[in-house]
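What follows is a single structure, written as structure tokens, with notes after it.
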């Protein structure tokens, strides 16, 4: 099935940082990662379902990359071996992925809520119907033991205790419409923060446990002109916000801006996604101009790569970055040393 894992050992160095593209699963004529998944589901899925990559994350021990596809497939791939991937057939379009401390894989499925899977066996454990009128768009597990944070584009966001099957907190957003659609989320249980980046170029900041909005940042813009892409360190001490004005770093202790990077100067274009490394040292930023790795402490660009990407994830051990583009691009695992 997936017969080839290509290994590359090209090394780069800058400011004592080394980035090595370990392996990538090519699409189109070079390999079978995306084509394989579409063929496996051809008797179950309508022809219009494309095998576009929509989400990426890592297993807790950082030895597997987990990839979500628009056609409802999820693949858990051991990127440092030739083992065949574990495949999951979800009930709809995969919007987001997250792995909890107990090793369970949570999948945000369009119009179907959340699905809980055993990452090792590929078996579905549970389907959770949350009160979303417009489907589950985001899911993240940085919310404490036995809890996940989930959100839709317009109607609902909150913390779900999947042991007690209770909603522990529900965010109380302002009125949602097309202009204020949620385009990115970031949470930190340690800092009691939940951040929502909106289509109108603003972001809303909430207390995670109470669900109360405490602050709004940014300026309103015409729908489609700009949107807020947000990222938050695991400890919640630093917030990164990106839009057409550039990339800003904000200290959440007093909401003071500690750094700003112009889009034209470094980023070239507005990012599509951002993730901090778990240790908070680096910020991985992806856009149509590729991957940019930012040194947070030194406020400097550590490395840049030219391949366009739309999704990005850091491994829990801080050693790997996974990137991919929706269509026609390799899924790449970068080693950070």
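Of the candidates 97, 104, the single residue that is buried (at least 20 other Cβ atoms within 10 Å of the Cβ) and modelled with pLDDT of 85 or more is 97.
Filter the range 270-286 down to the residues that are modelled with pLDDT of 85 or more and assigned to a loop (DSSP other than H, G, I, E, B), then identify the one that is surrounded by the fewest Cβ atoms within 10 Å (Cβ to Cβ). The extreme case among them is 279.
Taking residue 87, is it touching a strand residue (DSSP E or B) at 6+ places or on another chain (Cβ under 6 Å), at pLDDT below 90 and not in a loop (DSSP other than H, G, I, E, B)?
Values: touching a strand residue (DSSP E or B) at 6+ places or on another chain (Cβ under 6 Å): yes; at pLDDT below 90: yes; not in a loop (DSSP other than H, G, I, E, B): yes.
Yes: the conditions hold for residue 87.
Checked against the criterion of being modelled with pLDDT of 85 or more and in contact with a helix residue (DSSP H, G or I) (Cβ under 7 Å, 6 or more places away or on another chain), the range 303-313 has no qualifying residue. Within the range 287-299, which residues are over 12 Å from residue 314 (Cβ atoms) and either in a strand (DSSP E or B) or in contact with a helix residue (DSSP H, G or I) (Cβ under 6 Å, 6 or more places away or on another chain) (or both)? Within the range 287-299, 287, 290, 292, 294, 295 qualify.
Of all the listed residues (114, 105, 130, 171), the sole one being more than 27 Å from residue 335 (Cα to Cα) and under 18 Å from the mean Cα position of the chain (by Cα) is 114. I'd like the residue in the range 143-168 that is outside any strand (DSSP E or B) and crowded, with 22+ Cβ neighbours inside 10 Å and, out of all such residues, is modelled with the lowest pLDDT. So the residue we want is 143. Here residue 171 fulfils each of the conditions (1) under 24 Å from residue 313 (Cα atoms); (2) in contact with a strand residue (DSSP E or B) (Cβ under 6 Å, 6 or more places away or on another chain); (3) at pLDDT 85 or above; (4) surrounded by 19 or more Cβ atoms within 10 Å (Cβ to Cβ) apart from (1). The criterion of being free of Cβ contacts under 8 Å to residues at least 12 places away in the same chain and farther than 21 Å from residue 188 by Cα holds for residue 123.
The values are calculated or read from the model by the stated rules, or taken from the named source; none is laboratory data. Owing to the predicted nature of the structure, the values given are computational and were not obtained by experimental measurement. Because the Cβ atoms are built from the backbone with ideal geometry, glycine has one as well, and the counts that use them run over all protein chains shown.
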